[in-house]
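Since the structure comes first, as structure tokens, the remarks are kept for the end.
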Amino acid sequence: DIQNDFDTYNGQTVIIEAVVTIGVNITRTDRTDAYVQDESGRGINLSDASTDFPLLVRGNKLRITGAVSDYSGTTQIGSFTMELISSGNEIPGLEIVSTADAGNIDHEGTMIETIGIINDKAEGIGGGTNITINDGSGDIQMRIWDSSGLDLSAFSEGDTMGVRGIIDTYNSAA
């Protein structure tokens, strides 16, 4: 509901129950930039200046209370508290989409899967690598932060790459 009706929820304190898709200290190590997803199949960003959130581990289902806001086009919940409901959960509503659909900002905050041919790989770009893939339906550019710990050295242009990741926006673009 928050992603579908941001204007109603903006500035409001909400309580959600969701499964962690990307935990703390994965995409960023200087602050919390985590993601959760619920049974609707939609996800949302959790953001905080601190990184002291040991419950933010992939597969943990949490009850989260926090304030809804926007940061450069990304819907987020900040100033949050949480409690553990269960651990070891699968990611709810995971979709397999075309590379063109993966760039649809309606999926913002949501974990998806896609596969395509690498047609561009740019390393050392502001703390990460940008990889563009296409399955014939259109390009999607992925940002892989160096802090993720993923070794991308085996991938080059022309290779087929399957990915699972969060559709994120910055300045209202996927």
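The values are calculated or read from the model by the stated rules, or taken from the named source; none is laboratory data. Everything numeric here is computed off the predicted structure, so don't read it as measured data. All Cβ positions, glycine included, derive from the backbone under ideal geometry; neighbour counts span all protein chains shown. Heavy atoms of the whole protein, side chains included, go into the accessibility calculation; ligands, DNA and RNA do not. Shrake-Rupley method; radii C 1.70, N 1.55, O 1.52, S 1.80 Å.
Quick rundown of the values:
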read-out: Complete set of residues in region 125-138 that are open to solvent by 30 Å² or more (accessible area, probe 1.4 Å) and at pLDDT 95 or above; value: 134, 135, 136, 137
read-out: Strands (runs of 3 or more DSSP E) (entirely within region 1-108) containing at least 3 residues that are open to solvent by 20 Å² or more (accessible area, probe 1.4 Å); value: 13-22, 61-71, 74-86
read-out: Matching option when the condition is in a loop (DSSP other than H, G, I, E, B) and in contact with a helix residue (DSSP H, G or I) (Cβ under 6 Å, 6 or more places away or on another chain), among 137, 156; value: 137
read-out: Test: residue in region 137-144 that is among the small types (Gly, Ala, Ser) and either touching a Pro at 6+ places or on another chain (Cβ under 9 Å) or in contact (Cβ under 8 Å) with a residue 12 or more places away in the chain (or both); value: yes
read-out: Residue list for region 109-124, filter: within 20 Å of residue 161 (Cα to Cα) and not in a strand (DSSP E or B); value: 110, 123, 124
read-out: Condition met for residue 169 (at pLDDT 90 or above, among the hydroxyl-bearing types (Ser, Thr, Tyr), within 24 Å of residue 28 (Cβ to Cβ) and open to solvent by less than 50 Å² (accessible area, probe 1.4 Å)); value: no
